[in-house]
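The values are calculated or read from the model by the stated rules, or taken from the named source; none is laboratory data. As the structure is a prediction and not an experimental result, all values here were calculated from the model. Note that each Cβ is placed from the backbone with ideal geometry, even for glycine, and that neighbours are counted across all protein chains shown. For the accessible areas, the whole protein counts, side chains as well, though only heavy atoms, and no ligand, DNA or RNA atoms are used. Shrake-Rupley method; radii C 1.70, N 1.55, O 1.52, S 1.80 Å.
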Amino acid sequence: QVQLAESGGGLAQAGGSLRLSCAASGSTFSIRRTEWHRQAPGKERELVASITTGGRIGYADFVEGRFTISRDDAQNTVALQMDSLKPEDTAVYYCKAVIYEYDYWGQGTQVTVSS
């Protein structure tokens, strides 16, 4: 079992930056991959970025080089640095840990980008 807690959301202006953090606790040694997802009002949840324990990184096409995912194994955290924010980035951002066939989700953190 893994528990996840996101932090760092808030309000930003278009063109600004926010840094999200996902802190894991519990059986963190079992995590194979950590992902950031987001869900905007009226839309389905979508994958934003992912990072594996081996350091393999992937981004959704809409990121367009604006976001950076990173991990700190000593702190058991995965960060999502978001730069050049757009109003369409407004959503609840969720952290997900993948352990074999099981997914563990955090409670989410709200990101609001004003134009």
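Annotations for the structure displayed:
- Each residue in region 16-52 was checked for being in contact with a Lys or Arg (Cβ under 8 Å, 6 or more places away or on another chain) and not basic (Lys, Arg), and 10 pass.
- Looking only at region 25-57, and only at residues there that are β-branched (Val, Ile, Thr) and closer than 24 Å to Ser84 by Cα, the one that is surrounded by the fewest Cβ atoms within 10 Å (Cβ to Cβ): Ile57
- For region 88-105, the set of residues classified as farther than 16 Å from Arg19 by Cα and either open to solvent by 10 Å² or more (accessible area, probe 1.4 Å) or of a type outside the set (Gly, Ala, Ser) (or both) consists of Glu88, Lys96, Val98, Ile99, Tyr100, Glu101, Tyr102, Asp103, Tyr104, Trp105, listed by residue number.
- Among strands (runs of 3 or more DSSP E) entirely within region 14-115, having at least 1 residues that are farther than 23 Å from Gln1 by Cα singles out 18-26, 33-39, 46-52, 57-59, 67-72, 77-82, 91-99, 109-114.
- Identity of the residue in region 63-75, among the polar types (S, T, N, Q) and at pLDDT 95 or above, that ends up least open to solvent (accessible area, probe 1.4 Å): Ser70
- Selected residue [hydrophobic (A, V, I, L, M, F, W, C), surrounded by 17 or more Cβ atoms within 10 Å (Cβ to Cβ) and under 13 Å from the mean Cα position of the chain (by Cα)] from Ala79, Ala60: Ala79
- Count of region 1-13 residues which are part of a strand (DSSP E or B) and either in contact with a helix residue (DSSP H, G or I) (Cβ under 9 Å, 6 or more places away or on another chain) or open to solvent by 40 Å² or more (accessible area, probe 1.4 Å) (or both): 7
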